[in-house]
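To keep things clear, I will list the structure first and then write my remarks on it.
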Amino acid sequence: MASFLCLALPGGGSSASDQKDIQIITWRGMTPAEQGFLSRLSELGIKAKFHHFDAGRSETNLAGFFRANRSELEKRDLIYTFGTTATNTVLNFGAGNVPVVFNIVSDPIGNNITLSMHMPTRGATGVKQSLSAEVILQLLEQVFPYETIAVLFDPREPNSTIEADKVTNVADVLEKQTLRARFIPDVEDAELHVELMRSQLEAADVVYVTSASSFVQKAYLLKQILPPNIVSVTASPALVDHGVSLAFGEAYWQRGEAAAELAAEILLDRKSPSEIPINEIKANESILFIGKTSPVADRLDLSAFPDRVKYR
């Protein structure tokens, strides 16, 4: 079901005619990314009314929403989307010439959202969620040297599978041994596989957890699966809150602020999405997020991140 945020942000003296209509489409509810987006738009002086629809992690729900509300969506000034699946669904259905700003997308090119990071296509620009697999594995080597890496992914989520493939390919180039671990936490008997999965992951030096929304939704299973004595890493800082040892990147709130600045270029400067390069995290400015209760935290070498460590 659609829920609407009839929220007008202060517009620095803007007249009522300057108010923008912005559609927010989330995949698994409102997150700090959307909170950062709203907060930064307000700071930028954009007066707007927001309409919110949450897909509940269902492409069917989102497709039904588009079919029922296409004429209204085509009147919006901007559509904001969270996540790879929601973004691709919106772009595949289309909403006329309404520009799209996406957020929390791990691989815009690999997931067919755009053909170019510098000159985005399909009427959409946005914010890349994470560093590349190559950069993450190289940073991980500095923090915790390893030889064997297990890659945990949900084969039903395309973005999770693509991320797993990229991590595997990079690990091969770095001459690391890889173990691919498939886990579907949404199936009824998922808990029966926990012990099997855990023993499989214990064979590795480190575990790479892909950014699957199902892992966030079933975080209690993720905590049971990850061996407490094994270092685990992810591209998504949100997963550090759910048992993963560490992540390299930027918090969802800051990614939301970055998305708002792109939206401002469209709404205030009248730029088209193709004129606005996709925002990427800079490796030398990335933050090392560490689970404050992680049993392996004291085994990490933090010397390469003297001023960029955050405990969660």
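The values are calculated or read from the model by the stated rules, or taken from the named source; none is laboratory data. Please read all numbers here as calculations on a predicted model, not as lab measurements. Here Cβ is always computed from backbone atoms with ideal geometry, including for glycine, and neighbour counts include all displayed protein chains. Side chains included, ligands, DNA and RNA excluded: accessible areas come from the protein's heavy atoms. Shrake-Rupley method; radii C 1.70, N 1.55, O 1.52, S 1.80 Å.
Does any residue of the range 80-87 turn out to be modelled with pLDDT under 95 and touching a Pro at 6+ places or on another chain (Cβ under 8 Å)?
Yes, because at least one residue in the range 80-87 is modelled with pLDDT under 95 and touching a Pro at 6+ places or on another chain (Cβ under 8 Å).
Applying the selection to the range 27-66, what residues are assigned to a loop (DSSP other than H, G, I, E, B) and either open to solvent by 10 Å² or more (accessible area, probe 1.4 Å) or of a type in the set (Ser, Thr, Tyr) (or both)?
Scanning the range 27-66 gives TRP27, ARG28, GLY29, MET30, THR31, LEU44, GLY45, LYS47, GLY56, ARG57, SER58.
How many of the residues making up the range 124-170 are among the acidic types (Asp, Glu), within 21 Å of VAL105 (Cα to Cα) and open to solvent by 10 Å² or more (accessible area, probe 1.4 Å)?
Selection size over the range 124-170: 4.
This table checks each residue for (1) of a type outside the set (Gly, Ala, Ser); (2) more than 18 Å from the chain's Cα centre (by Cα); (3) over 30 Å from MET197 (Cβ atoms).
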position	(1), (2), (3)
VAL231	yes, yes, no
HIS242	yes, no, no
TYR252	yes, no, no
ALA258	no, no, yes
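Any residue in the range 269-280 that is under 13 Å from ASN97 (Cα atoms) sitting within a Cβ distance under 6 Å of a residue that is assigned to a loop (DSSP other than H, G, I, E, B)? List the pairs, counting only those 6 or more apart or interchain.
Between residues of the range 269-280 that are under 13 Å from ASN97 (Cα atoms) and residues that are assigned to a loop (DSSP other than H, G, I, E, B), the close pairs are PRO273/PRO99; PRO273/PRO120; PRO273/GLY123; SER274/MET119; SER274/PRO120.
Find the residue count for the range 85-113, including only residues that are in a helix (DSSP H, G or I), open to solvent by 20 Å² or more (accessible area, probe 1.4 Å) and touching a residue at least 24 places away in the same chain (Cβ under 8 Å).
4
The rows are residues; the columns are (1) touching a helix residue (DSSP H, G or I) at 6+ places or on another chain (Cβ under 6 Å); (2) acidic (Asp, Glu); (3) closer than 22 Å to ILE281 by Cα.
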| site | (1), (2), (3) |
| --- | --- |
| GLN19 | no, no, no |
| GLY45 | no, no, no |
| ASN88 | no, no, yes |
| GLY94 | no, no, no |
| ASN97 | no, no, no |
| PHE102 | yes, no, yes |
| ASN111 | yes, no, yes |
| MET117 | no, no, yes |
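Would you tally the residues in the range 212-247 being under 14 Å from SER106 (Cβ atoms), buried (at least 24 other Cβ atoms within 10 Å of the Cβ) and among the polar types (S, T, N, Q)?
2
Restricting attention to the range 171-209, report how many residues are open to solvent by less than 30 Å² (accessible area, probe 1.4 Å) and modelled with pLDDT of 95 or more.
Looking only at that region, the number is 9.
Within the range 114-123, track down each residue that is buried (at least 23 other Cβ atoms within 10 Å of the Cβ) and free of Cβ contacts under 8 Å to residues at least 60 places away in the same chain.
none
Name the pairs: first residue in the range 54-79 and within 30 Å of GLU265 (Cβ to Cβ) and without any contact (Cβ under 8 Å) to a residue 60 or more places away in the chain, second residue open to solvent by 50 Å² or more (accessible area, probe 1.4 Å) and not aliphatic (A, V, I, L, M), Cβ to Cβ under 6 Å, at least 6 apart or on different chains?
What qualifies is ALA55/ASN61; PHE66/PHE93; GLU74/GLY96.
Can you pull out every residue in the range 210-226 that is more than 23 Å from TRP27 (Cα to Cα) and at pLDDT below 95?
GLN224, ILE225
Taking the options ALA171, ALA150, ALA164, name whichever one is closer than 24 Å to ASP301 by Cβ and in contact (Cβ under 8 Å) with a residue 40 or more places away in the chain.
ALA150
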